[in-house]
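Let me begin by presenting the structure, written as structure tokens, before commenting on it.
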Amino acid sequence: MSWKEAAEPVLSRMPVVERPAGHVPFRRKLTWTAGILIVYFFLTNINPFGLAVGQGSDFFGQFRSVLAGSSGSLLQVGIGPIVTASIVLQLLGGANLLGLDTDDPRDQVLYQGLQKLLVIIVTALTAAPMVFTGGFLPADPAVGQTLGIGTFGVEALIFAQIFVGGVLLLFMDEIVSKWGVGSGVGLFIIASVSQQIVGGFFSFSALGARGFFANWYAIATGGTQLGSPFTSAGLESLLFAPGNVLALFTTVFIFGIVVYAESVRVEIPLSHARVKGARGRFPVKLIYASVLPMILVRALQANIQFVGQLLSSQWAGMPAWLGVYGDQGQPTSGLFYYLNPIQQPEQWMWFRGAATGEPWMIAIRLGIDLTFMIVGGAIFAIFWVETTGMGPEATAKQIQNSGMQIPGFRRNPQVVEKVMERYIPQVTVIGGALVGFLAVMANLLGTIGSVSGTGLLLAVSITYKLYEEIAEEQLMEMHPMMRQMFGNE
């Protein structure tokens, strides 16, 4: 008996959001998307019952903009379990260890069921250490005394609430993917990053920290002195706090470079086999695989650091070569230090006195991060293209099924596939490596709202693609025949 036959009774019965039977009107899609977004913000502002609010620490703090969610809320784990499950499935699928044919409806059900099961398992494995070890989410002893269940009982309650929140996020993602616009994962990242950016621009001292505009208002009215920009102290105040000019430049630059990169493409001419004069183009974008594979790379780094945090908190005799952790819970030396990505300018600018480690240690750490992001971005982009039906073979079948062909070539999927192989694999690797490089550069320079460079990169690119998808939905709403041509009905 194969593993598919043994697991089918369980995987085929996993809860699933029903797919719409027909076309979903655009306004209804927007309604579903807006509704899920409201629920997301609602859940990020609810603290689990029994949590000692204001205590503990957010391990995912430096990865929070990528993994979404909110520290100390029901969505503590964010999209981490969803992304981790995707990494596992992509690696297993890439090595052809699953033996699943995604073109077979039966195997599709098994794949989706396996993905849900993995997400549920990873959610439990992520939430449990945060609650029961390490002091990330400490329980309130007063609640345990009041209910008479002790500290462990309160921790079990917190774990159950966070687990339910992680599972809810899984189904919210599925609702958006089937009934809304875009994907839930992308929507949650946009929500998380935009919230930080808006706070970074508009917050004021009454909210705990002054934002960019509040700082410059204080500078303009004489409440804050920058000093002369021709002195080192004045230049530092202008570029960093309180001026934050460098962060503003990086934020605007990332917006511009991502929009430009999204517009760079190789266009392959197409013509309709039966309708004379009907022509089109198939765009192979520079960022062909989108920036979503970068989530997988950062999630892998987050999981590595998560293991380091757990080992540090539970293993008193952990060797120094493996990692030494400071009071803030961040590695200061050892293997986990070098594998920890640089997220802010203060983490590498040793000349400002805020960085941890010697200059040569920071250089090694930066080199490892850059290599990890560029190579990992290219590899995961390849996996993403192959597993999401964007490879040369799948693209050739889509063009063939739409009735289009490449002028001057026989109307044969193998011929179209050969043409696509000239562009798609190379562009996929270049685009994935470029996104990884840009993410590291953005982290080095800093952004408004202390959003990580990767988070800002993801948010801008996902927003741009969401805009394109909305434009496509509106076009198909006005011209129903387009839905039949592109197989959306």
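The values are calculated or read from the model by the stated rules, or taken from the named source; none is laboratory data. Predicted model only: the values in this text are computed from it and were never measured. As a convention, Cβ positions derive from the backbone with ideal geometry for all residues, glycine included, and neighbour counts pool all protein chains shown.
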Residues being part of a loop (DSSP other than H, G, I, E, B) and out of contact with any Lys or Arg (no Cβ under 8 Å at 6 or more places or on another chain) - total across segment 1-15: 4
TYR260 being closer than 29 Å to MET404 by Cα and either in a loop (DSSP other than H, G, I, E, B) or of a type outside the set (D, E, K, R) (or both): yes
Residues of segment 163-181 classified as farther than 12 Å from GLU18 by Cα, under 16 Å from the mean Cα position of the chain (by Cα) and of a type outside the set (A, V, I, L, M), total: 2
Enumeration of residues in segment 342-362 that are assigned to a helix (DSSP H, G or I) and closer than 19 Å to LEU239 by Cα: PRO345, GLU346, GLN347, TRP350, PHE351, ARG352
Extreme residue, nearest to ILE374 (Cα to Cα), among residues of segment 446-460 that are surrounded by fewer than 24 Cβ atoms within 10 Å (Cβ to Cβ) and at pLDDT 85 or above: VAL460
Whichever residue in segment 398-434 is of a type in the set (D, E, K, R) and modelled with pLDDT under 85 and, among such residues, is surrounded by the most Cβ atoms within 10 Å (Cβ to Cβ): ARG411
All helices (runs of 4 or more DSSP H) inside segment 146-243 with 3 or more residues being assigned by TED's automatic domain parsing to the domain that holds THR84 and crowded, with 21+ Cβ neighbours inside 10 Å: 150-179
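Rundown of residues vs (1) aliphatic (A, V, I, L, M); (2) in contact with a Phe, Trp or Tyr (Cβ under 9 Å, 6 or more places away or on another chain); (3) surrounded by 13 or more Cβ atoms within 10 Å (Cβ to Cβ); (4) outside any loop (DSSP other than H, G, I, E, B), yes/no style:
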{"position": "VAL24", "(1), (2), (3), (4)": "yes, yes, yes, no"}
{"position": "LYS29", "(1), (2), (3), (4)": "no, yes, yes, yes"}
{"position": "TRP32", "(1), (2), (3), (4)": "no, yes, yes, yes"}
{"position": "LEU43", "(1), (2), (3), (4)": "yes, no, yes, yes"}
{"position": "GLY54", "(1), (2), (3), (4)": "no, no, no, no"}
{"position": "SER57", "(1), (2), (3), (4)": "no, yes, yes, no"}
Residue match in segment 95-107 (condition: assigned by TED's automatic domain parsing to the domain that holds GLU155, surrounded by 15 or more Cβ atoms within 10 Å (Cβ to Cβ) and farther than 30 Å from MET476 by Cβ): yes
